[in-house]
Amino acid sequence: VFKMDKLTLKLHNGETLAYQEYHEDKDETLVLIHGNMSSGVHFEPIIEKLEDYHLIVPDLRGFGDSSYHTRVNSLEDFADDLKAFLEALDMNTVHLAGWSTGGGVALKFAAKYPHNTGKLILIESASHRGYPIPKKDTNGQPLQGEFYADKDAMAKDPVQVAPVVKALEDGNSALMKMVWEQTIYNVNKPEDNDFNRYIEETMKQRNLVDVDWALMNFNMSNTPNGVSEGDGTIDDVKADILAIHGDKDLVIPKPMFNELTDALDNVLVKTFKNASHSPITDMPEDLSKAIKTFLNG
């Protein structure tokens, strides 16, 4: 697998982002934005296959080897970090590919910084209306339309939050690996060495509760999502978009994906058969080809 040591860059806000950089001689730059419980390393299966592009692959604040001095409150914080990061690298316009939570970050970036956004690729992206963490009953079943009032209450969620927080705190890689096998790598598992390395990266996360809270409150639509009102900024996304969804994705259900693509203009929708929440590991060839075709089109 194509691996590279991480570089680091200090931002004007005091954070230091770790990142990988590949194919620097290419004209067009593509930034790969990872999701929750991961880092830039999780993109390894497609790095070599995107050889036509100058690739920049950061670890977001509080993930991987990046710093976490100031806690994030929103996905917009990550988008602002990305803007500061690109400024520090003296880069103007880049293409963005966001996976899962990274898709939400990419959407917010594209809405807020249209002049710095080329094309947009959303891979199993979080919805523009956030990701729900409903309250649970005594059996751990979601209570329809009931959400946590504050971050501390949400942190105790017995299904979606607390067990993952505990696994991170205890350094319980085996439990984390099981979570990935059941929910994300439910079609194809990576080779053992790769899988273990990805989990090592996952275990570096220091911001899980903050990110879960940010996802729950994320709402770029014009209507309330049960937690926040919605800021209408989805209408500010003007980029050409490729939206990819795997038909075996257990994290982003089809209605959530449809809700997002229905809200977008200039969107090309691609469904991958027999792909999980991670087409990056399920079908790196097909995913890379779809990205290259879209960027070259």
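The values are calculated or read from the model by the stated rules, or taken from the named source; none is laboratory data. Every value quoted in this text rests on a predicted model; they were computed, and no experiment measured them. Cβ atoms come from the backbone with ideal geometry, glycine included; neighbour counts cover every protein chain shown. Ligands, DNA and RNA are stripped out before the accessible areas are found, and what is left, the full protein with its side chains, is counted by its heavy atoms. Shrake-Rupley method; radii C 1.70, N 1.55, O 1.52, S 1.80 Å.
What is the percent of Cα-Cα separations in the stretch 188-297 that go past 18 Å? Tail of the P(r) past 18 Å holds 64 percent of the pairs. Of all aspartates and glutamates in the structure, the ones whose alpha carbon falls short of 20 Å from that of K156, not counting any fewer than 8 places away in one chain, are D137, E146, E169, D170, D210, D212. Within the straight-line cut-off of under 23 Å between alpha carbons, the lysines reachable from K112 are K10, K83, K238, sequence neighbours fewer than 8 places apart in one chain being disregarded.
In angstrom, the C-alpha Rg and Dmax of the chain are 17.8, 57. Within straight-line reach of K49, meaning a Cα separation under 12 Å, sit the following aspartates and glutamates at least 8 residues removed in sequence or on another chain: E285, D286. For the peptides 124-133, 103-112, 66-75, residues were scored by their other Cβ atoms within 10 Å and the scores averaged per peptide; the highest-first order is 103-112, 124-133, 66-75.
Please tell me the relative contact order of the chain in percent, rounded to the nearest whole number, where contacts are Cα pairs under 8 Å and at least six residues apart.
On the way: 610 pairs, mean separation 59.3, N = 297.
Over the chain, the number comes to 20 percent.
For the cross-link pairs K177/K248; K270/K292; K6/K270; K204/K292; K204/K248; K189/K248, which exceed 21 Å when the distance is taken from alpha carbon to alpha carbon? Don't jump to the answer; show the numbers that get you there.
Details: K177/K248 19 Å; K270/K292 13 Å; K6/K270 32 Å; K204/K292 31 Å; K204/K248 27 Å; K189/K248 14 Å.
Violating the 21 Å Cα-Cα cut-off are K6/K270; K204/K292; K204/K248.
Do any GluC sites (Glu not before Pro) in the stretch 197-232 lie in a DSSP loop with no more than 12 other beta carbon atoms within 10 Å, and if so, which? Listed in order of number, the matching sites are E229.
Helix content alone sets the calculated 222 nm mean residue ellipticity of the chain: runs of n ≥ 4 DSSP H residues at -39500 (n - 2.57) each, divided across all residues, give -10000 deg cm²/dmol.
Think of a 1.4 Å ball rolled over the protein heavy atoms: the chain then has 42 Å² of accessible area per residue.
From most to least packed by mean Cβ count within 10 Å, the peptides 143-149, 12-18 give 12-18, 143-149.
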